[in-house]
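Written below as structure tokens is the structure these notes are about.
The values are calculated or read from the model by the stated rules, or taken from the named source; none is laboratory data. Worth saying up front: this structure is predicted, and the values here are computed from it rather than measured. Virtual Cβ from ideal backbone geometry, glycine too; neighbours counted across all protein chains shown.
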Amino acid sequence: MKVLLATEKPFAPAAVQGIREIIEAAGHEFLTLEKYTVREELLAAAAGADALIIRSDKIGADVFAAAPGLKIVVRAGAGFDNVDLAAATEKGVVVMNTPGQNSNAVAELAVAMMIFISRGQFTPSTGSEIAGKTLGIQAFGNVGRLVGAKAKALGMKVKAIDPFLSAEKIIEGGAEPAASLKELYSTCDFVSVHIPATPETIGSIGYELITSMPKGAVLVNTARKEVIDEAGLEKALEDRPDLKYITDVAPGNAAALSEKFGVRFFATPKKMGAQTSEANVNAGLAAARQIVDYFETGNTRFQVNK
Ligand code: NAD
């Protein structure tokens, strides 16, 4: 089988080498397309591929049409909103993600962001400490749980909410279950967002929730920019000069927010939550193993378009 690694934003070289070794050891051919700049390059490279490993690369109907032999696409990472699942299913292509493989990298960034913004983005000013404060975790999945554990170790009180997890599961994961989203936002000094971008979550965090936060609160978003109602966020920061927003997924109005709100707002110039060499290796190798396993045994455990 031909396995193509197609990454606009390449993996660390050690990760690529590891992927190559797994694919070739299983008797498959390994091809790479890195740092491509035009879509035609992706379509041409995908044409003969049986399997595709991607990162945040957009995989739509055009790719499935250009690659008639494609059987499986693995998104090396957690979020898979960059893949058109309906188009994949229509063509009979299996789509998988590699859950949990980059979670620690993202969780460390979320914690770093809480400290960075609490200390005035490292400008010489009087900041505040995170110990003793309450952290609310919105979605208690792989990243959310790790953020909770790290925050507890730093002396924070941790609450969480997840519509797909029982209160018992949240307690087992080390957090206090919040009764509602409204309660989480209105009682936590920090809220860290870890929901996926889905039709239900897109634009779901807006003016009302944000302004329900206590005085001096911080909203941290390492999930997806689409889950925030950007106009609502901007108005909330205008009306509540005590609130702060820090994110790894820059909103469309980032320049305006920087200009207006100074050290109360920060967005990483490029999404970097999963951008560690450890996460690259973990997610890349997991993707390679899942492809080999799928071809050998038909294992679809991590399929997201079932
Ligand atoms: P995960 O799948 O382990 O956890 C997601 C959690 O969200 C689950 O517990 C699930 O029950 C919950 N959930 C699902 N649908 C929901 C809904 N409609 N409302 C509320 N909660 C819902 O994913 P994860 O690894 O913890 O990652 C969380 C998100 O972070 C991903 O979806 C991805 O978008 C984002 N992410 C960002 C980066 C980055 O580089 N900044 C890296 C990895 C993941």
| said: I'm told residue 97 meets every condition in (1) crowded, with 18+ Cβ neighbours inside 10 Å; (2) in the same structural domain as residue 249 (by TED's automatic domain parsing); (3) within 11 Å of the ligand (Cβ to nearest atom) except one. Can you identify the failing condition by its number? | reply: (2)
| Flag for residue 67 being crowded, with 17+ Cβ neighbours inside 10 Å and assigned by TED's automatic domain parsing to the domain that holds residue 96 | yes
| remark: Every listed condition ((1) in contact with a strand residue (DSSP E or B) (Cβ under 8 Å, 6 or more places away or on another chain); (2) under 25 Å from residue 128 (Cβ atoms); (3) more than 12 Å from the ligand (Cβ to nearest atom)) holds for residue 249 save (3)
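What residue, of 257, 237, 209, is outside any strand (DSSP E or B), within 14 Å of the ligand (Cβ to nearest atom) and surrounded by 20 or more Cβ atoms within 10 Å (Cβ to Cβ)? It would help to see each step written out before you state the result.
Numbers: 257 fails: within 14 Å of the ligand (Cβ to nearest atom); 237 fails: within 14 Å of the ligand (Cβ to nearest atom).
The unique qualifying residue is 209.
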| Whichever residue in segment 123-167 is within 13 Å of the ligand (Cβ to nearest atom) and in a loop (DSSP other than H, G, I, E, B) and, among such residues, is farthest from residue 200 (Cα to Cα) | 166
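Can you pull out every residue in segment 168-195 that is in a loop (DSSP other than H, G, I, E, B) and crowded, with 17+ Cβ neighbours inside 10 Å?
Of segment 168-195, the ones in a loop (DSSP other than H, G, I, E, B) are 173-175, 178-180, 188-189, 194-195.
Across segment 168-195, the qualifying residues are 173, 175, 178, 188, 189, 194, 195.
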| Would segment 216-230 turn up any residue that is buried (at least 20 other Cβ atoms within 10 Å of the Cβ), more than 16 Å from the ligand (Cβ to nearest atom) and assigned to a helix (DSSP H, G or I)? | no
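Checking the conditions here, which among 224, 289 is within 14 Å of the chain's Cα centre (by Cα) and under 29 Å from residue 70 (Cβ atoms)?
Exactly one of 224, 289 is within 14 Å of the chain's Cα centre (by Cα) and under 29 Å from residue 70 (Cβ atoms), namely 224.
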